[in-house]
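In what follows, a structure is listed as structure tokens, so that the remarks can point back to it.
The values are calculated or read from the model by the stated rules, or taken from the named source; none is laboratory data. Computed from a prediction, not measured in an experiment: that's the story for all the values here. In this analysis, Cβ positions are derived from the backbone assuming ideal geometry, glycine residues included, and neighbour counts consider all displayed protein chains. Each accessible area value is taken on the protein alone, full model and side chains, heavy atoms only, with ligands, DNA and RNA left out. Shrake-Rupley method; radii C 1.70, N 1.55, O 1.52, S 1.80 Å.
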Amino acid sequence: MPVVRPPSFTALGLIPFSINPHYLDDNPTTHMGETREQRIEQYHSIPGAPPVVGLREGILLHIEGDKITLVGKCGARIFSAGQNHEEYEAGSDLSFLLKAV
């Protein structure tokens with residue numbers, strides 16, 4: 001989530017979704033500004049914005065061919081424009097993300 005408006009959101013094009021590393025869940029007792037979830041919702045106001053995978057600490061996406069597996073100690077949260085976020089546990093098959101666009 002850039003602080004300034006970049007000229008485009010085009011990257012290497014290796015995957016058809018965005019990754020939000022070091023994703024933190026909202027903690028209302030310590031948080032003093034926008035949450036990651038609020039920033040991702042703002043990002044999804046851009047027409048055509050792809051899904052965002054919020055990767056918590058200790059988790060990674062293992063991509064081999066047309067298969068994506070969530071590997072690590074915890075889970076991830078996936079955000080798609082106009083939908084409620086979804087939680088996935090370690091070991092989940094996230095291959096559907098390769099067909100995101």
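For the chain, give the percent of accessible area contributed by carbon and sulfur heavy atoms, probe 1.4 Å, rounded to a whole number.
C and S fraction of accessible area: 55 percent.
Among 41-54, 84-97, what's the highest-first ranking by average C-beta atoms within 10 angstrom per residue?
41-54, 84-97
Please report, in debye to the nearest 20, how large the charge dipole of the chain is about its Cα centre when each Lys and Arg carries +1 at its beta carbon and each Asp and Glu carries -1 there.
280 debye
Is the shape of region 13-101 rounded, prolate or oblate, going by the alpha carbon gyration tensor and its root eigenvalues a ≥ b ≥ c, with a/c under 1.5 for rounded and a/b larger than b/c for prolate?
It comes out oblate by the Cα gyration axes.
Mind listing the long-range amide H neighbours of Gly54? Cut-off is under 5 Å, sequence gap 5 or more, other chains count too, H placed in the peptide plane at 1.01 Å from N.
HN-HN under 5 Å from Gly54: Asn20, Arg77, Ile78, Phe79.
For a test of the definition: using alpha carbon positions, the gyration tensor, and the 1.5 limit on a/c, classify region 16-66 as rounded, prolate or oblate.
It comes out oblate by the Cα gyration axes.
Convert each backbone phi in region 33-42 into a coupling constant with the Karplus relation 6.51 cos²θ - 1.76 cosθ + 1.60 (shift: θ = phi - 60°), then list the ³J(HN,Hα) values in order as whole Hz, x for Gly and Pro.
Result, ordered by residue: x, 5, 8, 4, 4, 5, 5, 5, 4, 4 Hz.
Quick one: net charge of Asn84's neighbours, Cβ under 14 Å, K/R +1, D/E -1?
It works out to a net charge of -3.
Based on Cβ point charges of +1 for Lys and Arg and -1 for Asp and Glu, what charge dipole magnitude is obtained for region 18-74 about its Cα centre, in debye rounded to the nearest 20?
Value, rounded to 20: 100 debye.
Once you sort the root eigenvalues of the Cα gyration tensor of region 49-101 as a ≥ b ≥ c, which label holds: rounded (a/c under 1.5), prolate (a/b larger than b/c) or oblate (the other case)?
oblate
How large is the accessible surface per residue of region 13-101, computed with a 1.4 Å probe and reported in Å² as a whole number?
62 Å²
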